[in-house]
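To keep things clear, I will list the structure first and then write my remarks on it.
The values are calculated or read from the model by the stated rules, or taken from the named source; none is laboratory data. Model, not experiment: these values are computed from the prediction. Virtual Cβ from ideal backbone geometry, glycine too; neighbours counted across all protein chains shown.
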Amino acid sequence: MTSKERAKLRGLANHIETILQVGKSGITEPLVKQAADALTARELIKGKVLENAPLLPREAAEELAQATGAQVVQVIGTRFVLYKRNEKNPVIQL
């Protein structure tokens, strides 16, 4: 992904709601499934790592991205943004 594409995705992410929360259980199978389903539908999702989580935000974002086949677009504070292109039905045009 180019820096220009990443910048466009960061701009789009400013206006979306946080739909994932990584808590004290860390990255679990239900969370991975929820993220994968959301990425299929939206391509771009925002998540948050709670204070009691065993992982740092960057670690949680990278682990979740690896588990879903997504890319980490941004990590700021406790929030992160993931992107995965839907080849069958693209939602976002880069």
Looking at segment 62-72, which of the residues that are part of a helix (DSSP H, G or I) and touching a residue at least 24 places away in the same chain (Cβ under 8 Å) is nearest to residue 18 (Cα to Cα)? 64
What is the one condition in (1) assigned to a helix (DSSP H, G or I); (2) at pLDDT 95 or above; (3) not charged (D, E, K, R) that residue 80 does not satisfy? (1)
Do any residues in segment 73-91 that are in contact (Cβ under 8 Å) with a residue 40 or more places away in the chain have Cβ atoms under 9 Å from those of residues that are acidic (Asp, Glu) and assigned to a loop (DSSP other than H, G, I, E, B), where the two are at least six apart or on different chains, and which pairs are they? 83/43; 84/43; 85/43; 86/43; 90/43; 91/43
Go through the residues of segment 10-20 one by one and say whether even a single one is surrounded by fewer than 17 Cβ atoms within 10 Å (Cβ to Cβ), polar (S, T, N, Q) and assigned to a strand (DSSP E or B). yes
Considering only segment 28-43, I want to know if a residue exists there that is charged (D, E, K, R), within 11 Å of the chain's Cα centre (by Cα) and either in a helix (DSSP H, G or I) or surrounded by fewer than 13 Cβ atoms within 10 Å (Cβ to Cβ) (or both). yes
Need the failing condition index for residue 59 against (1) surrounded by 13 or more Cβ atoms within 10 Å (Cβ to Cβ); (2) in contact (Cβ under 8 Å) with a residue 24 or more places away in the chain; (3) out of contact with any Leu (no Cβ under 7 Å at 6 or more places or on another chain), just the number. (2)
